[in-house]
Structure formats: structure tokens, C-alpha cells
């Protein structure tokens, strides 16, 4: 898909395929562990295979550094009524610790930006935990702007079921 090479490293970004499901789940668990949320992960290989590759509700990119998988980005389309067009929402971006600082995260975001433009999307957006200072600094360095006037809301589990029944 895309190669980003330096003298010491060969970085390759590619679209995930069904055979990558175990790797994607491993990345999800590593990210959840980093965010102290490992107990919240209920995804399984079966669930990911169904939603990513059978229902095609989301997509993933895999970053390989010198042939080794070191990171991923999982994303899907959203829609902006104000722009009147789709956007891309980056659900998760994760780079293994040993590969951080080598341009992997930036390469994944560059590829996502290119995909957004190729598809005619109006924006690329994501959320970041407010305590994750290294990531915040990284995103700001790329020109990302925080949406401080917005608050995210979520309904899950029993509350989602109850809401649907009201």
C-alpha cells in the first residue's frame, strides 16, 4: 500500500485482511492495557472477523516495520450533516512501544488522511484520553485541533437495552 523508508527502517502500511484478525485483537488488547482498560475488552476474533470482514462496518490498516507488525489503525466512515459528506473516524491508533518515535503513528495518520481525500471525505477525526499527554502533543504537532467545546456521550450495555425498550 505505502512504504515510508528511512536509512535504518522500512515501514510498510497495508490494509488488513481477514488473516490479520488475531493480530488486530492483540493490538486492541495491548492498547486497552496501555489505557488501563483491559477488563473492558470483550471483542473476540469471531466478533472482529464478522464486523470487519463480513459486515464490512470498519477497516484497519497494519503498520509493519522491517517486516514486523508494530501498529494498527482501525477506522470507519461517519457523516457530517454540515459538510454534507462522509468523514473518517479513527477509532483506535496504536503503535507498540519499541516502534514509537520511528514515524509509525505519523505514517498511519498520513495514510488515513490520504484515504479520506481519495474517498472525498470532508474530515478525519478521533478522540484521545485527556491524560494521554504524549499522544496529545503528537496530534497537535500534526495540525490536529482539539474540539474542547464538545463532550462525548455514550450509551452501552443495559442502558442501551433500556433506552431501546422505552
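Every number here is computed from the coordinates shown, using simple stated rules; none is lab data. Given the structure is predicted, the values throughout are model-derived calculations rather than measurements. When we count neighbours, we look across all protein chains shown, and the Cβ atoms used for this are built from the backbone with ideal geometry, even at glycine.
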FRET efficiency (residue 155, residue 29; Cβ distance; R0 35 Å; to 0.05) is 0.90
Computed on Cα atoms, the radius of gyration and Dmax of region 23-102 in angstrom are 14.2, 42
Percent relative contact order for region 53-166, counting Cα pairs under 8 Å at least six residues apart, stands at 18
Computed over the chain: longest principal axis from alpha-carbon atoms vs helix 104-118 long axis, angle to nearest 10 degrees, is 60
In deg cm²/dmol, rounded to the nearest 500, the helical mean residue ellipticity at 222 nm of the chain, built from -39500 (n - 2.57) for every DSSP H run of length 4 or more, is -9000 deg cm²/dmol
A chain fully extended from residue 68 to residue 119 at 0.36 nm per residue, minus the present Cα-Cα distance, gains in nm 15.5 nm
Under the 7 Å Cα-to-Cβ spin-label approximation, residue 128 and residue 166 lie apart by a distance in nanometres of 3.4
Tilt, helix 21-34 to longest principal axis of the chain (alpha-carbon atoms), in degrees rounded to tens, equals 80
Unit-weight point scatterers at every alpha-carbon of region 62-124, Debye formula, q = 0.23 1/Å: log10 I(q)/I(0) is -0.88
Here the averaged projected area of the chain, based on the convex hull of its alpha-carbon atoms and given in nm², is 11.5
